[in-house]
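Trainee: Below you will find the structure I want to go over with you.
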Amino acid sequence: MRIRSIIAILVAVAIVALLVFGLISKGNSRLAVGAAAPSPTLPKLDEPGSGSLKEYRGKWVLVNFWASWCIPCRDEAPALEQFQQEHGGKTFTVVGIDTQDISDDGTKFAHEYDISYPLLHDGNGDNGHEFGTTGVPENYLLEPNGRLAWAVAGPVDARILREQVTPFLPPKSKES
């Protein structure tokens, strides 16, 4: 074997080892069901000012971590918007957190998918780590008191939202 081949193999093994270590160490810090969710103040994505998950206390909140460059995020965006249209109101909202993204790209994504729910921007992704995120997309359902009720790492679709999130929510007809 040539020396370059050996170096290339060693570099590849080192990279894989670092990735595995990162996933294992992050997995240990994942937010547990029943734990109080972090509520950092973040810039709003598509308007001036900042926002925080604390603003939504008293509501069920589905927090969606996403990025414009993420293909599964693109796949789930229509289902999340449809879920917001069906269930959003006085007792529920989706809040999207654009992470590890250039804000212009996130804004373009939001317009492309006609996202109507509130969007915050976590530029370097540091605040997602407080939830224990390991990538995007990830979704966290918060109770009205700000505690975690449900979470899924990976994309959601209409079936997952209907079968796993809807049972937590109060009937929409009772909101009026």
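The values are calculated or read from the model by the stated rules, or taken from the named source; none is laboratory data. Computed from a predicted structure; not experimentally measured. No Cβ is skipped: glycine too gets one built from the backbone with ideal geometry, and neighbour counts run over all protein chains shown. Note: accessible area is taken over every heavy atom of the protein model, side chains too, but ligands, DNA and RNA are not part of it. Shrake-Rupley method; radii C 1.70, N 1.55, O 1.52, S 1.80 Å.
Trainee: With respect to the cross-link table entries 108/172; 54/108; 90/172; 44/108, which display a Cα-Cα separation exceeding 20 Å?
Mentor: On the way: 108/172 31 Å; 54/108 26 Å; 90/172 9 Å; 44/108 14 Å.
Exceeds cut-off: 108/172; 54/108.
Trainee: Report in % the part of the accessible area of the range 18-156 that belongs to carbon and sulfur, leaving out ligands and nucleic acids; probe 1.4 Å.
Mentor: The computed percentage sits at 55.
Trainee: Let me make sure I get this right: for the chain, a, b and c are the square roots of the gyration tensor eigenvalues over alpha carbons, sorted descending. Under 1.5 in a/c it's rounded, otherwise prolate if a/b > b/c, else oblate. Which is it?
Mentor: prolate
Trainee: Only sites in a loop by DSSP and with at most 11 other Cβ atoms within 10 Å count here; which trypsin sites (Lys or Arg not before Pro) in the range 41-93 make the cut?
Mentor: none
Trainee: Solvent-accessible area per residue for the chain at a 1.4 Å probe radius, Å²?
Mentor: Solvent-accessible surface per residue comes out at 53 Å².
Trainee: Oh, and also: Can you find, among 118, 129, 165, the residue farthest towards the positive end of the dipole of the range 106-176? Put +1 on the C-beta of Lys and Arg, -1 on that of Asp and Glu.
Mentor: 165
Trainee: Find how many whole Å separate the alpha carbon centroid of the range 107-132 from the alpha carbon centroid of the range 133-155.
Mentor: Cα centroid of the range 133-155 versus Cα centroid of the range 107-132: 14 Å apart.
Trainee: Given the Cα-Cα distance of residue 39 and residue 108 and 0.36 nm per residue of separation, how much length would full extension add, in nm?
Mentor: 22.3 nm
Trainee: Sticking with this structure for a sec: By how many nm would the segment from residue 47 to residue 91 lengthen if fully extended, with 0.36 nm per residue of separation less the alpha-carbon distance?
Mentor: Stretched out fully, the residue 47 to residue 91 stretch lengthens by 13.5 nm.
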